[in-house]
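Values quoted throughout were computed directly from the atomic coordinates according to the rules given, and no laboratory measurement underlies them. Just so you know, these numbers come straight off a predicted model, no measurement behind them. Because the Cβ atoms are built from the backbone with ideal geometry, glycine has one as well, and the counts that use them run over all protein chains shown.
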Amino acid sequence: MGAERQVKNSLIFLVPMTVGSLLPLITFPIFTRILTDEDYGAWALASAFGGFLSGLANFGLVIGFERNFFESRTREERSRLLYSSMAFVICSLALGGGITWIYRAPISDFFTASPEYGGLFFWAFCATGVTSLQAYCFTYLKNTENAGAHTRYTLADRVLMTLLSLIFVAFMRLGPEGLVYAQLLAGGIVLAALTGRIVRELPLGFSRRTLLDSLKLSLPLTPLLLLKVVSSQFDKYVISLIGSLGGVGIYSVGQQIARLAFNFSTALENVFTPQTFQRMFKHAEGGPETVGTSLTPFVFVSLAGALLLALFSEEAVRLLAPAPFHGAIPIVSVLAAYYGLLFFGKQPQLIFAKKTGIISILSILGLVTNVVLVVLGVRFFGVVGAAWGTLAAAIVTLFLRHIIGQRYYEIRWEYRRVASMLAVLFGSTLLMVVVRGLDLPYVIRLFTKLACCGVYFALGVHFKILTRANAALVRSALSRRGSNEEGGMSS
């Protein structure tokens, strides 16, 4: 992929992320004045449960599909790989849905100390199950570098879910269940459209052998995915135990806003991951050298998104939510830094080397670390302690993963540049938490934020990432977007 094509695809993938970032400007001020912090807490715990169970039903097949896609040379092989995986997951989700429906009341009582949210937990599982099926279709579009189609369907899903959420919550007053119904209905419609499109491109096929080969690679990843969900959602459960359901709601609102940094990074991941895999498979042609240097600009742009959220969390929360939710401000700052750091967990070295067992072991260690640090954080610092514990656990886990991953496939990072970017991100995050904790005048806080942005901008200029040539490349990609995209989006 040429530089201009890479920039163009990055911009295309950023479109749904940008729209998805703007939509909360419409929904958050409405929802946070209709739903209570306890409603948000129940919804967050139900979504966490749904993510866990749907992850179990997927058996890690989406990661195996993404990796094996590049080893499949013909349309027939890719067809069998895709449809075999999806058929297996559909059966697993149906089994999980039946079990959840039968035990919905005890499940609700376990997580919220009340059986009244049983229906919410069941429909949350159904919604996350549909989203997990979408992942196979979106991975197919991403791996075929069809950025236009990927963007259209992602936009359709987010816009439709927003409209349905407004109808169900603001007009029909269905409470937190309305958020889940909207996700399920919008996801189902988009999944049907995606499946119809792909069926026209790939003939239906099923292969027991292909499925077994995928399961051999993905089964060791199942503990990884489950532990990943538990690790990412455990903070909410700890808050509900030590604190309150309302505290879970405040934390969830902060997490949703901070997650914009992760969505931004994921949009970039849709561009660099296929290219990283291709470079890895061309190891003899200088893969290790080119992977590291090619990732540096993505690191800079990805961390820039996290930095902006960390710095301007106060403005974001005050704009989107009323006073009862303003306790989420420091949570947004800390979790934005956390999501920025997760860029380095997106590198597929161990998956490429088929060392999925090692990934699972690292995940177990990461979960233990996360549990200990989050519990300590909540106990000593309250709700915001969960965010600090999550960030600290990620630093430890990602450092171990980096050391081990380098043993199996060395990415020659530009360490000085990456370290400088991370130093500005973490230093700025800590500085903003301290400055706000001291309750300094807003003018001083604003000046501090702008100074931090200036330092990061200066790094980009110094490292020759922000250059006139690159700016011209972006302008060229934007100016040619209409003509180039017309062919890409119709493919």
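Counting only residues at least eight positions apart within a chain, or on another chain, the aspartates and glutamates with an alpha carbon under 18 Å from that of K464 are E4, E414. Label sites at E77 and V368, each approximated as a point 7 angstrom past Cα along Cα to Cβ, lie 4.0 nm apart. Taking other C-beta atoms within 10 Å as the exposure proxy, M172, M280, M432 rank M172, M280, M432 from fewest upward. Label-to-label distance for L23 and F70 is 3.0 nm, based on points extended 7 Å past Cα in the beta-carbon direction. From the alpha carbon centroid of the range 157-222 to that of the range 88-150 is 9 Å. What shape does the range 39-131 take by its C-alpha gyration tensor, where a ≥ b ≥ c are the square roots of the eigenvalues and a/c under 1.5 counts as rounded, a/b above b/c as prolate, and the rest as oblate? Because a/c hits 1.5 or more and a/b exceeds b/c, the range 39-131 counts as prolate. Peptides 378-385, 251-258 ranked from most to least packed, by the mean per-residue count of other Cβ atoms within 10 Å: 251-258, 378-385. Taking other C-beta atoms within 10 angstrom as a stand-in for reagent exposure, K346, K142, K216, K236 fall in the order K216, K346, K142, K236, fewest first.
Footprinting exposure proxy ranking of F125, F262, F447, fewest other C-beta atoms within 10 angstrom first, gives F447, F262, F125.
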